[in-house]
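The structure appears right after this line, and notes come after that.
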Amino acid sequence: MVEAPVEEFLCTRIRQSERALMAHHEAVLRTYGLTMTQYTVLLTLSREGGMSGAQLARSCGVTQQSMSSVLTNMESKELIHRETSPVHAKVHIATVTDAGQALLDRAYQEVILLERALTDAFTPSEHAALCELLERATAVLIQQTRQAPAPHAP
């Protein structure tokens, strides 16, 4: 039997928190007919303005193929509008429609309740410290991912 090294305990806690967060958001968003990716697209477009599918894929952490499917679905629901980029004829720029913004605004009001509950669970100094620690942990995770060895050939 392999005993779990101490280093895995923190990763396990981060993973558990991430799963709990995603489960909450997915349950809330499901009531609005949205997936987490669709919500993130609406939120990103609302904050950043028009973006290409490739930009949205990077922002949402999904593949371009997956994003293409998400955007097609969202366009059919009239949550976004896509038009050809004035710079590149093969690139389509997505923007939020009025219906998409209205849906985002309603969903956001429920999603933000969790943010407020989490904030209220800590003192202001604990909240600031937790944010700083999570940012540091994220930086280490990103750095370690970049340094990970290439997969071995079979």
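The values are calculated or read from the model by the stated rules, or taken from the named source; none is laboratory data. Being a predicted model, the structure only gives us computed values, none of them experimental. Cβ placement follows ideal geometry from the backbone for every residue including glycine, while neighbour counts extend to all protein chains displayed. Protein only, heavy atoms only, side chains kept; ligands, DNA and RNA dropped before computing areas. Shrake-Rupley method; radii C 1.70, N 1.55, O 1.52, S 1.80 Å.
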### Summary
If we ask which residues in region 31-83 are of a type outside the set (Ser, Thr, Tyr) and within 16 Å of Ala102 (Cα to Cα), their number turns out to be 16
### Summary
Of the residues in region 70-95, those that are of a type in the set (Val, Ile, Thr) and without any contact (Cβ under 8 Å) to a residue 24 or more places away in the chain number 3
### Query
In this structure, is Ile80 within 20 Å of the chain's Cα centre (by Cα), at pLDDT 95 or above and not basic (Lys, Arg)?
yes
### Residues that are open to solvent by less than 40 Å² (accessible area, probe 1.4 Å), β-branched (Val, Ile, Thr) and not in a helix (DSSP H, G or I), drawn from region 63-112
Ile80, Val96, Thr97
### Query
With respect to Leu34, is the statement that it is in a loop (DSSP other than H, G, I, E, B), at pLDDT 95 or above and either under 17 Å from the mean Cα position of the chain (by Cα) or surrounded by 13 or more Cβ atoms within 10 Å (Cβ to Cβ) (or both) true?
yes
### Number of the condition not met by Val6 [criteria: (1) modelled with pLDDT under 95; (2) surrounded by 10 or more Cβ atoms within 10 Å (Cβ to Cβ)]
(2)
### Task
Note down all Cβ pairs under 7 Å where the first residue falls in region 118-140 and is assigned to a helix (DSSP H, G or I), the second is open to solvent by 70 Å² or more (accessible area, probe 1.4 Å) and not hydroxyl-bearing (Ser, Thr, Tyr), and they're at least six residues apart or on different chains.
Leu130/Phe122
